[in-house]
Amino acid sequence: MKLLVNLLKLPTFVFSVGLLLLTIFLALLGPFFYPIDVISKVGPPYMAPNAEHLLGTDNLGVDMVSLLIAGLRSSLYVGLFAGIIATAVGTFLGVYAGFKGGWIDDLINMVTNLFLVIPTFVVLILISASLTEGRSLELIGIIIGCTTWTWTTRSVRAQASSLKARDHIALARVNGAGTLKLAMLHILPYLLSYVFMVFIIQVATGVAMEATISMIGLGPFDTVSLGIILESAMNNDALNDGIWWAFIPATVLLTVIVFSLYTLNTSMETVFNPRLRK
Amino acid sequence: MLKKYPTTRYILRSGGWYFLTFLVAISVNFVLPRLGKANPVDIIIAKHGAGKTQHAIQVKEEGYLKEFGLVKLDPDGAIVRDADGKPVRSSLWSQYVSYLGMCLRGDLGTSFMNYPKKVSEIVIEAVAWDFALQLPAIILGWLLGNILGALAAYKRGVFDYLFFPLSLLVCSIPFFAFGMLLKYQFGIVWPIFPTTGGYASNIHYSFSWEFFSNASYYYFLPFMSIFPVLLGGYAIGMRSMGIYELGTDYIRYASYLGIKENRIISYVFRNAMLPQLTGVALNLGNMIGGALIAEIIFSYPGLGTTILKAIQGQDYTLIQGTALLVAIMIIAANFTVDIVIAIFDPRVKAGMAGA
């Protein structure tokens, strides 16, 4: 509770949470305030913004604001999905390896280091390119999550191994707690704030990563996302024709999501790491 | 072993480690495309086979199967057939062995889109452009970012108030989105810079002043789409490292001794630089990958554009070959950073690092 009070005293924290909530509200409640669907054509292709259609239309004549709302929702969803998987897998492996030590630690460490170097991007391209059908939002989230867990593992492992020499661990062990129970009940709670900060960054990575692979035509088949909007703007020469509403709003939304998550992360860091305070 | 030369030992050890990583990357590159249900040869035949006779299709299919190493060959190089005359598929293991052999010989197969051009030729041509684009951006971004970050950490105050959120904002923009904004503003709204390609179409690819001056004109926008983002990222890292270092006892002691400000900054800089180097190594994969996508916006003739074309044309050998080359690039970049660390980190010289 005291932590929350401390956090709320920080203007950057309040600002970033506000910004993030704003994007979430826009994504979830947008359709109620702006009831135009993303299927019907409401005008000619790339119609300029007007009073009725605030940001004009896309290359098919679909209303841009409603596309952006739907895209924002998909992007946040993919980010959250990827972030949860990456954080869960990464934290579990990291805590277990750091606490257990020995050959299991060496093995997990080796695999982590290997996949830290082999770029997520390459793995993503190879997997997505070999799946010719059924590339849903969830699947893309899973793929991103399964390829970005490595640095969570690495940083959590370092923290966990520094905790294992504490007295309360020895006490719990004497009381007969098993390794898994020790790791989950006696190590993990100490790392929760740290894990939460890692999670925030992983969500940001997931959002950006989805947009990136959508740009090269490997995005979801069945839905709009911010990346898909940008891809179609690029493929239909919106840039060369000066149709700013086809890509600037999507770029701004993408940046706002990532920026608010980064700011949230740094503002929490100033609370958890006293040295950074002024 | 090599106890007297800790630096060499460190470099050799990490070199061996990266070689192992390289082998894993090759294996990943072999396994992942085979997970999908679609067999690339079937897709190609379905695409190009229309309007041809049954026999012509069969000859073509067997040619591809042979080239991919998907069928068994007898010592003369002819396809081994079963009783019905159908080619016998080779086992996954022997496919893997022949794939490994090809990779180590530098043979990445033949591109389908640009038949009969070799994949290795295409990617080598493209990778030169990426070197020219990314290497200066990464090095300059790192140096300038570190200097700005150290200043922000030391001065704090107004400089920091403005500078820190700005850096955070800039590095929240994905490379390609930043590239789009730049292209729109400086290529379309104000047509100052060219927006597509690596050089003008009426100029020949040669070692001449004319070519280089033209290419650097085309270079500006793609470079600017990755440079500020990198700069911002490194500045943020350096800022928090710097703040951490400034709080340490040795810096307090130095300032109580009345050592000059510049001197103290240089101490902070030296000590914070090493974690920053490790930071580069950790981030290289995402950075290089992201920058490749930014090229696409400008149709810059590097690997990113090659990947896009390969995906659009479902050219599996080219996708695989490009992906492998990107992986090799990143592994090589990591190894280079490790060597630089080995040279500058006094702990390596003392034989402590990695121990």
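Derivation of every value follows stated rules applied to the coordinates shown; laboratory data play no part. None of the values given here were measured: they were computed from a predicted structure. Every residue, glycine as well, gets a Cβ built from its backbone with ideal geometry; the counts of neighbours run over all protein chains shown.
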Count neighbours as other Cβ atoms within 10 Å of each site's Cβ, and list the trypsin sites (Lys or Arg not before Pro) in the range B:76-127 that are DSSP loop with at most 16 such neighbours. B:105, B:117
Considering Cα pairs under 8 angstrom that are at least six residues apart, work out the relative contact order of chain A and quote it in whole percent. 27
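Please work out the FRET efficiency for the pair residue A:48 and residue A:22, using the Cβ-Cβ distance as r and a Förster radius of 45 Å; give the result to the nearest 0.05.
Values: r = 26 Å, r/R0 = 0.58.
Approximately 0.95, to the nearest 0.05.
Tell me, in nm to one decimal, what length is gained between residue B:54 and residue B:72 on full extension, where the rule is 0.36 nm per residue of separation less the Cα-Cα distance? Each step should come with its number before you reach the end.
Values: separation 18, 0.36 × 18 = 6.48 nm, distance 2.22 nm.
Taking 0.36 nm per residue and subtracting the Cα distance, the gain is 4.3 nm.
Across peptide B:163-174, what mean number of C-beta atoms from other chains lies inside 10 Å of a residue's C-beta? Don't jump to the answer; show the numbers that get you there.
On the way: counts 0, 2, 5, 0, 0, 8, 6, 2, 3, 12, 7, 13.
Per residue, the average neighbour count from other chains is 5.
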Name the most mobile residue of B:135, B:231, B:108, meaning the one with the largest mean-square fluctuation, in a Gaussian network model of chain B with Cα contacts below 10 Å. B:135
Between B:296, B:251, B:147, find the one with the highest GNM mean-square fluctuation for chain B; connect C-alpha pairs within less than 10 Å. B:251
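Suppose a student asked you for the relative contact order of chain B, using Cα pairs under 8 Å spaced at least 6 residues apart; what percent would you report?
Working: 376 pairs, mean separation 86.8, N = 355.
24 percent.
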If you take the square roots of the eigenvalues of the alpha-carbon gyration tensor of the range A:1-138 and sort them as a ≥ b ≥ c, do you get rounded (a/c under 1.5), prolate (a/b over b/c) or oblate? oblate
For chain B, which longest stretch is free of loop sites, where a loop site is one of the chymotrypsin sites (Phe, Trp or Tyr not before Pro) that DSSP puts outside H, G, I, E and B and that has at most 16 other Cβ atoms within 10 Å? B:1-204
Between the modelled labels at residue B:340 and residue B:80 (7 Å from Cα along Cα→Cβ) the distance in nm is 5.1
Rounded to one decimal in nm, the spacing of the 7 Å Cα→Cβ label points at residue B:4 and residue B:260 is 4.1
Quick one: Cα centre-to-centre distance for the range B:178-223 and the range B:265-295, in angstrom? 27
Provide the gained length on full extension for the span residue B:206 to residue B:169, in nm with one decimal, where the gain is 0.36 nm per separating residue minus the Cα-Cα distance. 9.3 nm
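Can you put A:87, B:336, B:195 in order, fewest other beta carbons within 10 Å first?
Numbers: A:87 24, B:336 13, B:195 20.
The most exposed by this proxy come first: B:336, B:195, A:87.
Could you grab the relative contact order for the range B:254-348? Cα pairs under 8 Å, six or more apart, rounded to a whole percent. Intermediate results must be reported in sequence, preceding the final value.
On the way: 48 pairs, mean separation 27.5, N = 95.
This gives 29 percent for the range B:254-348.
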Report, to the nearest 10°, how far helix A:11-33 tilts away from the longest principal axis of the Cα atoms in chain A, using its own Cα long axis and a range of 0 to 90°. 50
Quick one: if you stick a label point 7 Å off each Cα along the C-beta vector at residue B:188 and residue A:165, how many nm between them? 5.9
Helix-only mean residue ellipticity at 222 nm for chain A, each DSSP H run of n ≥ 4 adding -39500 (n - 2.57), per residue, nearest 500: -23000 deg cm²/dmol
Could you tell me how many degrees, from 0 to 90 and to the nearest 10, lie between the Cα long axis of helix B:261-297 and the main elongation axis, the longest principal axis, of the Cα atoms of chain B? 20
The range B:216-276: trypsin sites (Lys or Arg not before Pro) in DSSP loop, at most 15 other beta carbons within 10 Å: B:260
Ordered by packing density, taken as the mean number of other Cβ atoms within 10 Å over each peptide's residues, highest first, how do B:272-282, A:138-148 rank? A:138-148, B:272-282
